[in-house]
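What follows is one structure encoded as C-alpha cells, with my remarks underneath.
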Amino acid sequence: MEKLQLERVELREIELPLKAPFETSFGRITRRRILLVKVLDKAGMSGYGECVAGENPFYNHETIDTAWLMTTKYIVPRLDAVRIEQAAQVRDALAPIRENRMAKGGVEAAIWDLEAKLAEQPLWRYIGGTRTEIACGVSIGLKDSTEALLESVGREIDSGYQRIKIKIKPGWDIDAVERVRATFGNIPLQVDANAAYTLEDAAMLARLDPHDLLLIEQPLDYDDVMDHAVLQERIRTPVCLDESIHTVRIARDAIAAKACKIINIKPGRVGGHQASIELHDLCAAHGIPVWHGGMLESGIGRAHNIHLASLPNFTLPGDIAASKRYYERDLIDPPIDIAGDGTIEVPKAPGIGVNIVKDRVEKATLRHLSL
Ligand code: OSB
Ligand code: MG
C-alpha cells in the first residue's frame, strides 16, 4: 500500500441553516454548525471529513468549540509527531488523547477519504463494504402538535423511506405512537428517547409493547448500561443503544449484560471509521444487528455514513436521509437523494465519491484555519 504523507490540515467551521427546526428531548436547533476537516498530502491530493459535534454539549460532552480546540491543539500535532502513514494507524496514534471521539473521528474520516482516493477506490470497497445501495429510514423530530407529526410521517412515507423513527420524551410518547399506528397502520416504526427516561418509567414504556415497534432507542441515560439491561427484561420492544455506546468495549459489556438487542453506529460517537468497523464486527459476531445513525450531517458526513453502511451487518435502515430534507443547498452537488424504493446508491468514484462545491463551502464558512 502506498504510504500517506500528510502535509497540511485545513479546518473550517461552517454554518448551514436547517430548512425546518429539528427538536429532540435535549433541545431544538435551527442552524447546524459543522466542523469540516480537509487533509492534504505533498502532491496536493485531498480528503474531507466532517466532525459531528453539536453546538451544545447535550448529545455528548463534545461541542464544535471543544472539537476545534482538541483538533488544533492536540490531534493534528499528535499526528504530525507520530507521522502516520495509513488511515488505519490514526486510531492508535490518537489513543493517548482521552475521549473527544467526535473530534478524532472528523480528522480520521478525512484521512480515510484521502487514502481511498490514493488507492483509486471508492471508500466502501476500500473498507470492505458489500452493498452497492443502502436502505434508508428517516428521523422525525418532536413536533408541536399531533397533526404536525402525522403530516410529517405521511410525507416521509410518500417519499419512500423504508422506516420511520419518531423522537419521544415524557409526555410525548404513547399517544404519539398510538396516533401514528392508528393513522398509518403497520408501517416499520421505531422511537428514539435520547436518554429522556429512567427505570421508574419502565411500566409506562411497557405500554409501547403492543405497538410492535422495531426498537426503542436510548430510553435511559447516556452513561447507563445496567439499567437498560433491567429495562429490557421488563419490556418486549427491543432496546437499541445510541448514546451509551461510546466505545467497542462498552458495546461488548452491554451485549454481555443483555442491555440491548440492537446497536446504532455513529462513527463520531465511537471515534471514527475504524472503531465503527470494529463495533460492526463485534455486533455481527454476537448476532446483534446494527444500523447507521445520523447527526444532521452535510453531504460530506452523509457520504461517509453511506460508505460505512455498506458493511454487511448494517441490516436495518439507517438515519441517512436525503440532503434536501435538512438543507436547501448542500455542500455537495449533486446532493444525496433517495430512490423511490427508499434506497441510496453508494458512490462509485474514489474516496467518498462526492463533488464538493467550493464556493458554497466558502460562503458558509465562519472561521478557517490551516495547520
Ligand atoms: O439521537 O439519533 C439521534 C440528531 C442529532 C443528535 C442525535 C440524533 C439525531 C437524529 C437525526 O436522530 C438523524 C439524522 O441525521 O437524520
Ligand atoms: Mg439516537
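What the table shows:
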| read-out | value |
| --- | --- |
| Residues that are within 16 Å of ligand 2 (Cβ to nearest atom) and either among the aliphatic types (A, V, I, L, M) or within 13 Å of residue 136 (Cβ to Cβ) (or both), drawn from segment 306-333 | 309, 314, 316, 317, 318, 319, 320, 321 |
| Per-region count, segment 1-32, residues among the polar types (S, T, N, Q), surrounded by fewer than 13 Cβ atoms within 10 Å (Cβ to Cβ) and within 16 Å of ligand 1 (Cβ to nearest atom) | 1 |
| Single match in 293, 268, 287 (criterion: at pLDDT 95 or above, touching a helix residue (DSSP H, G or I) at 6+ places or on another chain (Cβ under 7 Å) and not hydrophobic (A, V, I, L, M, F, W, C)) | 268 |
| Count of segment 79-105 residues which are part of a helix (DSSP H, G or I), of a type in the set (D, E, K, R) and either closer than 18 Å to residue 301 by Cα or modelled with pLDDT under 95 (or both) | 3 |
| Within segment 203-216, considering residues that are open to solvent by 40 Å² or more (accessible area, probe 1.4 Å) and in a helix (DSSP H, G or I), the one nearest to ligand 2 (Cβ to nearest atom) | 204 |
| Among (1) free of Cβ contacts under 8 Å to residues at least 24 places away in the same chain; (2) closer than 28 Å to residue 292 by Cβ, the one test that residue 210 misses | (2) |
| Subset of segment 217-232 (residues that are open to solvent by less than 10 Å² (accessible area, probe 1.4 Å) and assigned to a loop (DSSP other than H, G, I, E, B)) | 218, 219, 220 |
| Within segment 170-192, considering residues that are over 23 Å from residue 135 (Cβ atoms) and in a loop (DSSP other than H, G, I, E, B), the one farthest from ligand 2 (Cβ to nearest atom) | 171 |
| Count of segment 126-156 residues which are away from ligand 1 (no atom under 16 Å from the Cβ), more than 20 Å from the chain's Cα centre (by Cα) and of a type outside the set (Ser, Thr, Tyr) | 6 |
| Some residue of segment 242-258 being outside the structural domain of residue 90 (by TED's automatic domain parsing), within 20 Å of residue 173 (Cα to Cα) and within 16 Å of ligand 2 (Cβ to nearest atom) | yes |
| Residue ID - least open to solvent (accessible area, probe 1.4 Å), chosen from residues in segment 170-202 that are among the charged types (D, E, K, R) and more than 22 Å from residue 264 (Cβ to Cβ) | 181 |
| Only listed residue being within 22 Å of residue 217 (Cβ to Cβ), touching a residue at least 60 places away in the same chain (Cβ under 8 Å) and among the polar types (S, T, N, Q), chosen from 121, 162 | 162 |
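The values are calculated or read from the model by the stated rules, or taken from the named source; none is laboratory data. If you're wondering where the values come from, they're calculated on a predicted model, not measured in any experiment. Reconstructed Cβ throughout: ideal geometry from the backbone, glycine too, with neighbour counts over all protein chains shown. Accessible surface areas use protein heavy atoms only, side chains included; no ligands, DNA or RNA. Shrake-Rupley method; radii C 1.70, N 1.55, O 1.52, S 1.80 Å.
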